[in-house]
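> Take this structure first; my questions come after.
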C-alpha cells in the first residue's frame, strides 16, 4: 500500500473532551447572556417536580386513608405499571431522538467523513439522546418516590439508592431502543410502508385483545366492589414476571422501602449489569452496521411522490372563509405542512380514539348499573383530558411553527404580507383546528355519557376558551421565544421557550377549568350525596372568559412586537 | 491515490453514478465538473466513505473504503459545500478537536493551528464561538481544519462559495501549492474558470456517467473543437444529452 498512516487517536478521550467543552461553553454562555433564561428553566423544572411531588403526596396519603398497605401487592403492581410505562416511553423517545441524530444531523455527516469510528460516533449521540429523553423521567420519578418515602416511612438509604435505580433504568430501554433503531434502519425492507402497516395491525390487534381482557377484569372487580381483582391483576402478569426490567425496579425499590438492603442491591446490580450489557451490545451493533445503515437510509430511494391539492385543504379554507385572502393562503400553507407529516397528526388521532373508547366503555358500565362510576366525574376527566391533549398537541405542533420558519422567513418576509398577518394566520390555523378537534371530542364523549344539555353547553364553552387561549399562547410565545437555530421541532418543544410555554399553558387550563367547570361538577357530585341546586356554580364564567381574553391578547401582542423587531 | 473502478450507485431504482472508473494520482489537482444532479456529490460521498458503491470499488491510498474505511479516512480531508462547525465551540477549539481526532501530537498540533490560522486570516475571530461566524468565516475555518492535519487527499465541494475575491485568489494559490507539494486535490465545482486555471486534469460527469476526462487538450480532442472549458463543457454535455434522448 505504501502510504504511511497517521497514529490512531484515543477517540474516547477526544469525544469526552469535545462534550466537556461544549457543555462548559454552553453553560458559560447561559450564565453570561441568558441568566434569566437559565433560571427560568431551572425554576420551571422545579415547579414540575414540585407539582408531581404534591400530587404524589396526596395520592399516597389517600392510600393511607384507605388502609392500603404501602409495601404490599397493590402498590407493587402500581410501581410495575409505572416503571413499565416510563420504560416504554423511554424506548420510543430515545429511539426517535437517536434516529434523528444518527441519520439526519449535519454533525454525523461531518463525523462519518472523518476517521471517527462508527461506535464512538454512536456513543456520543447515544449519550446525548438518553440525556435528552430521560430528564423528564428523572424529574418526574424522583418526586414520586420522595413522596412515597415520606408517607410510608423508609430507611435513609432508600433515598440514596433512588438516583442509582433511576439512572440505571434509563440505560436499559435506551440501549435497547438504540439497537432496535440501528437494526431497523439497516435491515428494514424497501417497502417500509407495507412493513409498518403489518406491524401496526399486529400491535393494534394484540393491544385490542389485551384491552378487552383488562376491561373484563375491571368490570368483574367493579361488580364485586373490588373483591375479585385476580382477573384484572392477571392481565399485568407480563410486567410482574422476573424477566421484566420494570419488575426488577419495583423489587429493588420496594426492598429498599422495607429496609431490606441486600434485597435492594441485587435488583440494582441486575439493572445496571443488564443495562451496561445492552449498551455494549448496541455499541457493537453500531460498529458493525451504522455506516451501512446510514448508506441504506440515505440512498434507499423513497419513490417520488407527486403531491396535489387535497379536499382537506379546501375544507380548511372554508373553515377560515371569514379571513382575508392572504391570511387564508397562509393558513392553508400551514395546514398542508401539518397534514403531510403523519407523525404530526397520528398522536392526535390515537388520543382522540382512546378518549372515545373510554367514554363508550363508561356507557356500557352505566347500562350495567355499575354505580361505582359517576358520569359527572368521568365527564370532568374527559374535559381535563381534552384540555391536556390540546395543551400537549398545540405545544408540539404550533409552538415550533415560527421557529421552524426561521431560516426561510426571508421568503415570507419578501411577500406582500405583513408580519402581523403571519402571526394571525398561524393563530387562526391553530384556533380553528383545535376548536374543531376539541369540540368534536368533548361533545361526542359527553353525548355518549348522557350528560344533560347544561353540561354539554358548559363544556363546549370551556373547551372553546381553552382552545382559543392555548392557540394564542402557543403562537404568541412561539414568536416571543423562538429558537431559530434548531430544525428539530421536538427539540424546540423541550427547549427553554417550549418549557415556559408548556408550564404557562398548563397553568392557564387549570385556571380556566377550575373556575368555569369544577363548581358545576362539584355541585352534581354533592347532589348525589344529598346537596341542593345552586346557580352560583356559573358565577365563575365571566372570570374564565376574561382570563381567556387575556390569554389571547397578551401573548399575541408580545409575539407580534417581537416578530416586527426581528431581523432575518 | 484515488482508484475508482466500475462504480455504480443506485438511489433506490435510480442510478446516481453509472459504471464510473477514475484514477487520480498523488499530487494531482483534479477538477470534477457536471450539471446539477450529475452525480458529483454522490461520487465525493463515495470517496469519503459516507456512502458505499452498489457495485464496484473505491480505494484511497490503497485502502478499500468498504473494508478499510477508517484507514482511508485518516488520509482524507473533506470540505463540503455547506460547512459544519460546532456552534458552541470556538474556531480554535474546533481546530484542536480536528487535530486530536487525527491523533496529532500536542506540540505539532499547536504549531499547525497557528500556521493555518495565519494562512486563512482567522486571527480576529478564532477565539469567538463559531455561532457568530459569517458564511465566509465558516468556510475559511473549515478549510483551516481540513488542512491542520496535513491530509494526503483534500476533497472540496464548491470551495469558493461565500468567499470574497481576495480569499478566492488566495485559495486558488493554496490549492495549487498543495498539489505541487504532493497532496492530491479533488475539486468539485461549477466555476469553470477555476477548473481551467488550476486543474491538471478535468472530469466531466452527467447523468452519473463520466463523459470526458483528461487535460484541456484531451477534452478539446474529444469535443473536436478548440474552445475554452465552458464551450467544451457545454458541447460534451449537450452531445451526451442528445444521445440519451435518442
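> Once you sort the root eigenvalues of the Cα gyration tensor of region A:11-148 as a ≥ b ≥ c, which label holds: rounded (a/c under 1.5), prolate (a/b larger than b/c) or oblate (the other case)?
oblate
> Taking R0 as 35 Å, what's the FRET efficiency between residue A:216 and residue A:92 from their Cβ-Cβ distance, rounded to 0.05?
0.80
> Also: Could you tell me the calculated FRET efficiency between residue A:4 and residue B:224, based on Cβ-Cβ distance and R0 = 41 angstrom, to the nearest 0.05?
The formula returns an efficiency of 0.40 here.
> Would you mind ranking A:240, B:132 by Cβ crowding within 10 Å, fewest neighbours first?
B:132, A:240
> Using label points projected 7 Å from each Cα along Cα→Cβ, tell me how many nm separate residue A:59 and residue B:166, to one decimal.
It is 6.6 nm.
> Among B:28, B:158, B:131, which one moves the most in a GNM of chain B with springs linking Cα atoms closer than 10 Å?
Comparing B:28, B:158, B:131 in a Gaussian network model of chain B, the most mobile one is B:131.
> Another one. Between residue B:193 and residue A:131, with labels modelled 7 Å along Cα→Cβ, what's the label distance in nm to one decimal, could you check?
According to this spin-label approximation, the distance is 4.8 nm.
> Now a separate question. How many Å³ per residue does the convex hull of the Cα positions in the protein assembly as shown occupy?
Here the figure is 198 Å³ per residue.
> Taking square-rooted eigenvalues a ≥ b ≥ c of the alpha carbon gyration tensor, is region A:33-102 rounded, prolate or oblate, where a/c under 1.5 means rounded and, failing that, a/b exceeding b/c means prolate?
Judged from the Cα gyration tensor, region A:33-102 comes out oblate (a/c at least 1.5, b/c at or above a/b).
> Using 0.36 nm per residue of separation minus the Cα-Cα distance, give me the extension gain between residue A:262 and residue A:17 in nm, one decimal.
This chain segment gains 84.4 nm when fully extended.
> Considering every residue in B:96-105, what mean count of other chain Cβ atoms within 10 Å of its Cβ is obtained?
5
> Using Cβ counts within 10 Å as a stand-in for footprinting exposure, how do A:510, B:194 rank, fewest first?
A:510, B:194
> Also, I was wondering about something else. Pull up the DSSP beta bridges for the protein assembly as shown and report the antiparallel fraction as a percent, rounded to 5.
Of the beta bridges lying entirely in the protein assembly as shown, close to 55 percent run antiparallel.
> Applying 1/(1 + (r/R0)^6) with R0 = 45 Å to the Cβ-Cβ distance of residue A:67 and residue A:439, what FRET efficiency is obtained, to the nearest 0.05?
The value I calculate is 0.60.
> Sort A:113, B:213, A:181 so that the residue with the fewest other Cβ atoms within 10 Å of its own Cβ comes first and the one with the most comes last.
Ascending Cβ contact count within 10 Å gives the list B:213, A:113, A:181.
> While we're on this one: What does the structure give for A:289-296 when I average, per residue, the other chain Cβ atoms found within 10 Å of the residue Cβ?
Partner-chain Cβ atoms within 10 Å, mean over residues of A:289-296: 3.
> Using the Cα gyration tensor of region A:65-220, with a ≥ b ≥ c the square roots of its eigenvalues, what is the shape: rounded (a/c below 1.5), prolate (a/b larger than b/c) or oblate (neither)?
Oblate, because a/c is 1.5 or more while a/b does not exceed b/c.
> Now for a separate question. Have a look at the DSSP beta bridges in chain B and tell me what percent are antiparallel, nearest 5.
Around 55 percent antiparallel, to the nearest 5.
> Right, next: Averaged over its residues, how many other protein chain Cβ atoms are within 10 Å of peptide B:67-79's Cβ atoms?
4
Computed from the coordinates by the stated procedures, all read-outs in this text should not be read as laboratory data. Just so we're clear, the structure is a prediction, and the values are computed from it rather than from any experiment. Here the Cβ is made from the backbone with ideal geometry for all residues, glycine too, and neighbour counts use every protein chain on show.
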